[in-house]
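Bear in mind these aren't lab numbers, they're just calculated from the coordinates by the rules spelled out. For clarity, every value in this text was computed on a predicted model and none was experimentally measured. Methodologically, a virtual Cβ is constructed for each residue, glycine included, from the backbone with ideal geometry; neighbour enumeration extends over all protein chains shown.
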Ligand code: SF4
């Protein structure tokens, strides 16, 4: 979905979006019904919570890791959750609006200007995000002030 912006190598080398501090649990990808079914038949991961998220592994420094992460990247490949395919972009609720934002943490995508990212979102992502959040609203996060807004849905 983000092929024009991020290569598989960029993501495999970085893995930033696959580990979380305690204040970042809202970023843990939610698992939709279809993926939950696939995971239960094909993978050995535990899902928890109403929106079904992976039960994370904690290291000795207090950093939590997605259990699907290994040294080569994501074990789920093309089966990975929509939130992961979309990151560093996010659908967020701001008042009565749903906005598409970008995380300031992804260094590779951060090399682009906000203008370039807005154009990319408008031409490549808006329709897909709209269709997806209508079907599965749990993808919509609360707005975070450090996330620049690229588009109002
Ligand atoms: S499912 Fe894959 S891409 Fe998503 S957080 Fe886990 S390891 Fe990373």
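Data overview
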{"item": "Potential lengthening between residue 60 and residue 144 on full extension [0.36 nm per residue; Cα-Cα distance subtracted]", "result": "27.4 nm"}
{"item": "Highest average packing first - 82-95, 130-143, Cβ atoms within 10 Å", "result": "82-95, 130-143"}
{"item": "Sum of -39500 (n - 2.57) over DSSP H runs of 4+, divided by residues of the chain (222 nm, nearest 500)", "result": "-7000 deg cm²/dmol"}
{"item": "Degrees, to the nearest 10: 33-42 long Cα axis against longest axis of the chain", "result": "30"}
{"item": "Ranked by how many other beta carbons lie within 10 Å on average, peptides 98-104, 111-117 from highest", "result": "98-104, 111-117"}
{"item": "Gap separating the Cα centres of the range 73-95 and the range 102-153, nearest whole Å", "result": "11"}
{"item": "Theoretical gain in end-to-end length, residue 1 to residue 153 [0.36 nm per residue, Cα-Cα removed]", "result": "52.9 nm"}
{"item": "Computed over the range 75-144, the ratio Rg/Rh where both radii use C-alpha atoms and Rh is Kirkwood", "result": "0.96"}
{"item": "Helix 126-135 vs. the chain, principal-axis angle (Cα, 0 to 90°, nearest 10)", "result": "50"}
{"item": "Mean shadow area of the range 1-146, taken as a quarter of the surface of its Cα convex hull (nm²)", "result": "9.2"}
